[in-house]
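Let me begin by presenting the structure, written as structure tokens, before commenting on it.
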Amino acid sequence: MGDHTLRNQVCTGQATLPLAFCIAAAVWMLTAHEMPQDWWLFLCLGATTIVLRLVVNSLVLIRERSWFLSACFIVLSAAFTFQHDFLWSMLSLPLFVLSQYLLLLTYQAARPQGMVFYAVLLLALAGLLFPPLLLILPVYWAVMLLHLQSFTAHSLVASFLALGVALLSLLGWCWLRPDTWHALSAWLASCLSVQPQAALQWTVQQWVNIGYLLLLLAVSLLHFNGAKWGDKIRTRMHFYAIITLNLALVCLLALYPQHYATLSYFIVLQSAPLVAHFMVLGQGRGVDFAFGLLLISTAALIVFNLWSPLLNFS
């Protein structure tokens with residue numbers, strides 16, 4: 001990467017993440033009408049961004065010093081201007097980041113069961129806030145078996161113990177508050193109701209935004225497939241795990257399109273590392289051009305989302 005290109009300045013500059021927060025806050029101001037209700041989601045996404053930054057530093061997913069991954073997440077999240085309303089399910093985002101971090105730490109671990117226990121426990125807690133996430137557990141096992149080489153009988157038992165702790169906590173709450181049992185049962189049934197036909201009710205905005213996100217993911221995957229040999233084996237396995245989990249989340253969106261508002265943020269979360277790998281580590285003028293196109297298209301997406309209500313697209 002050239003030292004004086006715009007891409008280099010943005011991808012490696014220390015001001016990138018603070019600037020990204022400022023851009024996201026400015027976009028949020030255009031949609032926020034009540035204080036502080038309309039800002040709870042921004043605070044949740046901001047906390048997720050900070051946790052994501054710490055995780056990336058620890059795992060060294062990008063071999064060059066860069067703030068771009070976290071910046072990419074907060075800006076792309078803010079670009080979804082039509083769903084800035086806070087949902088309790090969004091609190092599962094930082095829990096999922098921490099869960100995935102512990103999962104990735106099990107790579108070739110001699111005794112992975114401790115980290116697996118806490119990873120699955122965090123996933124289960126996130127699942128209490130957003131039940132479809134519980135379906136990701138078999139994908140965790142597949143990732144541990146195929147990519148992280150940490151799937152053992154002990155780690156499998158640790159997974160079930162973590163699920164048991166979460167279930168006992170839930171049953172304990174229902175025992176203390178028996179009046180919540182029926183409401184909880186109805187809520188779980190509603191959340192886990194498979195409704196692929198609900199995608200037909202998506203608005204133009206929703207189709208355009210998820211299409212843009214999936215296009216970014218596809219291009220970034222193509223780049224990763226060609227450039228992955230420059231990474232260490234450990235980093236490659238981590239990215240394989242991230243890609244597998246991302247594809248599982250895309251499948252969840254296909255099964256539960258009624259949960260677009262939550263799952264789209266999860267897909268942004270999982271796509272950000274791949275987009276950052278492309279933009280930070282890519283070489284040549286073609287990548288510089290792609291970076292400029294990314295900035296312009298993301299800005300255009302934000303403008304489109306802000307203007308769509310006036311154009312009867314929502």
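At 1.4 Å probe size, with every protein chain present, just tell me what the per residue accessible area of segment 29-185 comes to in Å².
Using a 1.4 Å probe on heavy atoms only, each residue of segment 29-185 averages 48 Å².
With the dipole of segment 16-130 worked out from charges on the C-beta (+1 for Lys and Arg, -1 for Asp and Glu) around the Cα centre, which of 80, 28, 67 lies farthest toward the positive end?
The Cα lying farthest towards the positive end belongs to 67.
Where nothing but the Cβ of Lys and Arg (+1) and of Asp and Glu (-1) is charged, how large is the charge dipole of the chain around its Cα centre, in debye to the nearest 20?
Rounded to the nearest 20 debye, it is 800 debye.
Indicate the helices, whole DSSP H runs only, in the chain that combine a mean Kyte-Doolittle hydropathy of 0.0 or more with a Cα extent along their long axis of 30 angstrom or more.
Passing helices, by number: 153-176, 204-227, 233-255, 260-281, 285-307.
Please name which of 102, 191, 267 has its Cα lying farthest along the dipole of the chain towards the positive end, using unit charges on Cβ (Lys, Arg +1; Asp, Glu -1) and the Cα centre as origin.
Selected residue: 102.
Any chance you could check the Cα centroid distance between segment 257-314 and segment 67-81 for me, in angstrom?
8
Please compute the per residue accessible area over segment 204-271 with all protein chains in place, 1.4 Å probe, rounded to a whole number of Å².
37
Long-range amide H contacts for residue 63: which residues qualify at under 5 Å (H placed 1.01 Å from N, peptide plane, sequence gap of 5 or more or a different chain)?
none
Taking the chain as a Gaussian network, where each spring joins two C-alpha atoms under 10 Å apart, which residue of 97, 60, 51 fluctuates the most?
Of the options given, 60 has the highest mean-square fluctuation.
Counting only protein heavy atoms and a 1.4 Å probe, tell me what percentage of the chain's accessible area is made up of carbon and sulfur.
The C+S portion of the solvent-accessible surface of the chain is 71 percent.
Largest first, how would 90, 115 line up by accessible area (1.4 Å probe)?
Working: 90 0, 115 60 Å².
Final ranking, largest accessible area leading: 115, 90.
Assuming R0 = 41 Å, what is the FRET efficiency of residue 141 and residue 307, from their Cβ-Cβ distance, to the nearest 0.05? Before the final figure, lay out the partial values.
Working: r = 45 Å, r/R0 = 1.09.
FRET efficiency, residue 141 to residue 307: 0.35.
The values are calculated or read from the model by the stated rules, or taken from the named source; none is laboratory data. Here the structure is a predicted model, which is why all the values come from computation and not from measurement. So basically every Cβ, Gly included, is an ideal-geometry build from the backbone, and we count neighbours across all protein chains shown. Just so you know, the surface numbers come from the protein's heavy atoms only, side chains and all, with ligands and any DNA or RNA stripped out. Shrake-Rupley method; radii C 1.70, N 1.55, O 1.52, S 1.80 Å.
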